[in-house]
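Written out below as structure tokens is the structure these notes cover.
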Amino acid sequence: MGQIEARATVDLSFELGGRIVALNVEEGDRVEEGQVIARLDTELLDADVMRLEASRAAAKAQLAFADARLSRAEELQKQGFASAERFDEALAMRDELVNRIAETDAALHAVQINKAKSSLHAPFSGRIGAQSVEANETITAGQPIMSIIETTAPEFRVGLPLDVAVETLKSAHISIAGREIPATLRQLRPDID
């Protein structure tokens, strides 16, 4: 006598907090791996993208001016009309702007990651279990919103006497409702009663 159980049951949550704008599934629904099952509001993230893109464009414009200034300072220094300090200042200004653009790009990348994490995907195919939130509810990071139960490859758990030879279990069959089903031994645990 044993029991059939799901290979995995997982509580799903967002890595970020926010307001849920879409719950695309309900308890008992079948889902496929990768399917979007819920989404968070991304308006603030979209505004961050716009702000960072504007900041990047401004830094790019300043960089074009700094490159021209650096070229002029280099030429004037070669001709003896400018000091090394003026060239060094122009070089430092250009390098600062290059680094500011890199910093803005990194911030944009972080916002894009957070936008991607604002969609919750099914980690595997299965059925939706208990759902603990509703659309338009504000949640915290890590708060479970629903569970998913893998149904594609159920497992059969059974307790056996310790003297059963492992070799005899390599080609086992289980009987469910009068049907013989081939089974593959996945693991042995000595703690099952």
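Summary of computed values
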| quantity | calculated |
| --- | --- |
| Of residues in the stretch 14-41 being open to solvent by 60 Å² or more (accessible area, probe 1.4 Å) and not in a loop (DSSP other than H, G, I, E, B), the one nearest to G129 (Cα to Cα) | R30 |
| Filtered residues of the stretch 99-128 (kept if open to solvent by 60 Å² or more (accessible area, probe 1.4 Å), within 12 Å of L16 (Cα to Cα) and out of contact with any Leu (no Cβ under 6 Å at 6 or more places or on another chain)) | I113, A116 |
| Test: residue in the stretch 71-88 that is part of a helix (DSSP H, G or I), closer than 30 Å to K115 by Cβ and of a type in the set (A, V, I, L, M, F, W, C) | no |
| Top-ranked residue in the stretch 42-62 [being among the small types (G, A, S) and farther than 24 Å from I139 by Cβ; ranked as least open to solvent (accessible area, probe 1.4 Å)] | A59 |
| Residue check, Q79 under 30 Å from Q62 (Cα atoms), open to solvent by 70 Å² or more (accessible area, probe 1.4 Å), in contact (Cβ under 8 Å) with a residue 40 or more places away in the chain and out of contact with any helix residue (DSSP H, G or I) (no Cβ under 7 Å at 6 or more places or on another chain) | no |
| Residue in the stretch 143-158 that is nearest to T184 (Cα to Cα), counting only those that are touching an Asp or Glu at 6+ places or on another chain (Cβ under 7 Å) and of a type outside the set (S, T, N, Q) | E155 |
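The values are calculated or read from the model by the stated rules, or taken from the named source; none is laboratory data. Predicted model, so just to flag it, every value in this text is computed and none were measured. For neighbour counting, all protein chains shown are included, and Cβ atoms are generated from backbone atoms with ideal geometry for every residue, glycine included. Accessible surface is based on the protein model in full, side chains and every heavy atom, while ligands, DNA and RNA are left aside. Shrake-Rupley method; radii C 1.70, N 1.55, O 1.52, S 1.80 Å.
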